[in-house]
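Working notes, structure below.
The values are calculated or read from the model by the stated rules, or taken from the named source; none is laboratory data. What you see is a predicted model; the values in this text were computed from it and never measured. Glycine also receives a Cβ, built like all others from the backbone with ideal geometry; neighbour counts cover every protein chain displayed.
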């Protein structure tokens, strides 16, 4: 059995075992329902329609009631008219919430508290229309002539994006794709890392290493979790499409097929790049609680690349944007943005892919050696510089003859079930805590960037929040006290 077949067996095992997990199935359902709710709820709770009650009192034209109802119907609101003999009776109805507004003498609107802006526009427009009709009749203008005079001139609205030839829909689509890519890499990269630590803690990895090289085991784990992530994103996309179809008023950003295809390509490359690093670093930790500290530098690079890439949306042809999109650590975020905004020449994505693939190949080779040297280590968390001295020894010495140094333990029996349960529980808690902190940092940074119209400010706020929240979470963790 060759290396590809061995890696595929590991990938199938990851798919089967993790898809059976109740936590994973719950996350799939919650993510799909969450996306559908975000799309559907604004339309369901919209205050644009509904019935409104309008009271009329005093001297008012007879046409006013019908005009108010016509104006409301034009914006999707049903208007119920109530007539009152005296303003005092109408005011009592307003105070008791029987009507939303009282129109007195066709020139004064009385509200119970704050004015309803939409209803105010409806009633005011109807009063103005009736007044114009009365003045036109007094001036001898026929209803047909008046209608011709009041016919609105059609005016087109064109939204100019930050880049010529690209609409705000393109910018919105790139923003959404960036968020999805970042969350996917963070979530499934952490899943790879925690999976490595779980197998290391339960000593399952010792059984697997007796059958295949460490690099094949790591590659299979990355491929299996990556396929699982694509499947989860696909289910979420289907739920979003169903919600969009059901809620016709939702504005879907127009995305070209080529942009989506490039986004998928860069998702695969970005995941492979970062998951390889996460898997190799996961072998350095002996407990799930240590993974956050081990992965801290990589998570920081990932977060910086995510925020910096947003600046390429507004300046896709700038020199700095091109340099950023060629850097393998940032290319999965920056290059799709430049492609979507029409700022990348045909050859630039190809060169960026070649550089990223070369970086992945180098990381696979280096990560496989680190993984092989550290995966059997138990005890305190290994430092990368200590493992660096170990990787100069051939990896097969570890695989065939056991640990290369005194710090590496020989294969022993599988740990008791209680240890596995504690490890799994700690992995779930750490993953959930990390996901919440990262999600809050990304959301806060995005909101601040949108409000301040400055990506750098959003990056700074998100980074500061992530650093502070991570410190607090780590300080409250009993394992680090």
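Screening the candidates 130, 153, 179, 123 for the property of being assigned to a loop (DSSP other than H, G, I, E, B) and either at pLDDT 80 or above or exposed (fewer than 14 other Cβ atoms within 10 Å of the Cβ) (or both) yields one hit, 153. For the stretch 323-338, the set of residues classified as farther than 18 Å from residue 186 by Cβ and surrounded by fewer than 24 Cβ atoms within 10 Å (Cβ to Cβ) consists of 323, 324, 326, 327, listed by residue number.
When the test is whether a residue is more than 15 Å from residue 124 (Cα to Cα) and surrounded by fewer than 12 Cβ atoms within 10 Å (Cβ to Cβ), residue 74 does not pass it. Screening 67, 26, 51, 32 for residues that are under 41 Å from the mean Cα position of the chain (by Cα) and at pLDDT 85 or above leaves exactly one candidate, 26.
Please verify whether residue 241 is closer than 21 Å to residue 276 by Cβ and in the same structural domain as residue 265 (by TED's automatic domain parsing), treating the condition exactly as stated. For residue 241, the condition - closer than 21 Å to residue 276 by Cβ and in the same structural domain as residue 265 (by TED's automatic domain parsing) - is not met.
Among the candidates 93, 26, the residue that is loosely packed, with under 12 Cβ neighbours inside 10 Å, out of contact with any helix residue (DSSP H, G or I) (no Cβ under 8 Å at 6 or more places or on another chain) and in a helix (DSSP H, G or I) is uniquely 26. With the condition kept exactly as written, say whether any residue in the stretch 181-192 is under 19 Å from residue 314 (Cβ atoms), in contact with a helix residue (DSSP H, G or I) (Cβ under 7 Å, 6 or more places away or on another chain) and touching a residue at least 24 places away in the same chain (Cβ under 8 Å). So far as the stretch 181-192 goes, yes, one or more of its residues are under 19 Å from residue 314 (Cβ atoms), in contact with a helix residue (DSSP H, G or I) (Cβ under 7 Å, 6 or more places away or on another chain) and touching a residue at least 24 places away in the same chain (Cβ under 8 Å). Every residue in the stretch 52-73 that is free of Cβ contacts under 8 Å to residues at least 40 places away in the same chain and outside any loop (DSSP other than H, G, I, E, B), please. The answer is 65, 66, 69, 73.
The stretch 300-415 holds helices (runs of 4 or more DSSP H) entirely within its bounds, and those carrying 2 or more residues that are within 36 Å of the chain's Cα centre (by Cα) and either at positive phi or at pLDDT below 75 (or both) map to 347-374, 384-390. Given the criterion touching a helix residue (DSSP H, G or I) at 6+ places or on another chain (Cβ under 6 Å) and modelled with pLDDT under 85, identify the matching residue among 113, 18. Step by step, each of 113, 18 is checked, and only 18 is touching a helix residue (DSSP H, G or I) at 6+ places or on another chain (Cβ under 6 Å) and modelled with pLDDT under 85.
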